[in-house]
1. In region 85-94, which residues are crowded, with 19+ Cβ neighbours inside 10 Å and either in a loop (DSSP other than H, G, I, E, B) or among the aliphatic types (A, V, I, L, M) (or both)?
2. Conditions first: (1) modelled with pLDDT under 95; (2) buried (at least 16 other Cβ atoms within 10 Å of the Cβ); (3) farther than 13 Å from residue 44 by Cα. Residue 109 passes all but one, so which condition is the exception?
3. Find all pairs meeting these conditions: Cβ atoms under 9 angstrom apart; at least six residues apart or on different chains; first residue within region 109-120 and within 10 Å of residue 87 (Cβ to Cβ) and in a strand (DSSP E or B); second residue modelled with pLDDT under 95 and of a type in the set (Val, Ile, Thr).
4. Taking residue 43, is it at pLDDT 90 or above and touching a Cys at 6+ places or on another chain (Cβ under 9 Å)?
5. Filter region 139-154 down to residues that are in contact (Cβ under 8 Å) with a residue 24 or more places away in the chain, buried (at least 17 other Cβ atoms within 10 Å of the Cβ) and not small (Gly, Ala, Ser), then give me how many there are.
6. Would you point out the residue of region 8-20, among those that are β-branched (Val, Ile, Thr) and surrounded by 10 or more Cβ atoms within 10 Å (Cβ to Cβ), that is nearest to residue 52 (Cα to Cα)?
7. Which members of region 110-125 meet the condition of being under 14 Å from the mean Cα position of the chain (by Cα) and either β-branched (Val, Ile, Thr) or within 21 Å of residue 56 (Cβ to Cβ) (or both)?
Amino acid sequence: MRLIRSWPLHVPDGRHYVVDDIERLVIDNCDYNTLGDIDDDVLLLEWDIAVSREDLVTFAAQAQADPSRVLVGPYRIYYPTLPEPIWAHRHWGGEPKGMVGPVGTEPVSTGDPHCNLFGLGMIYLPRKAIRGFLRTKFANHFGDLEFSMYHYANLSQDVPICWDVRPVHLHYRTPTFAKESIDG
């Protein structure tokens, strides 16, 4: 298993990101097609996902317990239009088909054992799953949505969520009270 951190060709202005010594995979336009060049299973962290050392070790151990299955770590997404953050992973019934993206998804709830669609923020990807996606040419773009829809249609409808870890997606606005207390 190879630990990789995705890194955008151009970091967007105003975005928070993690600086560490994890091997970087430079991507452009959120496209992970270059994962096909890695000749190993991949434990992937996106560039804006922070995780403790202990959680990384726990996640890797759970992935190694069933190395043929994709495994995801739960992290929250902070949409400014929502009253509270939601988990990145989704439940989906597979309908309607033939659309650009899935309609009728809903975020998982804390403790749900599985999801159907998932983000790539913290994920274990077996080499066979990566290569299968690329070989079938399911989509020209290799992103969260495309890969998870491929997985749902071709590998398994359920992907286990590792609730023993709590990665943090750093794409959120800092609360005002924090700025005032730091500056004050």
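1. Listed by number, the residues that qualify are 88, 89.
2. Of the numbered conditions (1) modelled with pLDDT under 95; (2) buried (at least 16 other Cβ atoms within 10 Å of the Cβ); (3) farther than 13 Å from residue 44 by Cα, the odd one out for residue 109 is (2).
3. Going by the 9 Å Cβ cut-off, the qualifying pairs are 115/108.
4. Criteria not met by residue 43.
5. Residues meeting the conditions: 7.
6. So, considering only residues that are β-branched (Val, Ile, Thr) and surrounded by 10 or more Cβ atoms within 10 Å (Cβ to Cβ), the one nearest to residue 52 (Cα to Cα) is 18.
7. 115, 118, 119, 120, 121, 122, 123, 124, 125
For (1) over 17 Å from the mean Cα position of the chain (by Cα); (2) under 18 Å from residue 172 (Cβ atoms); (3) among the polar types (S, T, N, Q), each residue gets a yes or a no:
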position	(1), (2), (3)
16	no, yes, no
27	no, no, no
48	no, yes, no
51	no, yes, no
56	no, no, no
63	no, no, no
73	no, yes, no
79	no, yes, no
82	yes, yes, no
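The values are calculated or read from the model by the stated rules, or taken from the named source; none is laboratory data. Please read these numbers as outputs of a predicted model, since none were measured by experiment. Cβ: placed from backbone, ideal geometry, glycine included. Neighbour counts: every protein chain shown.
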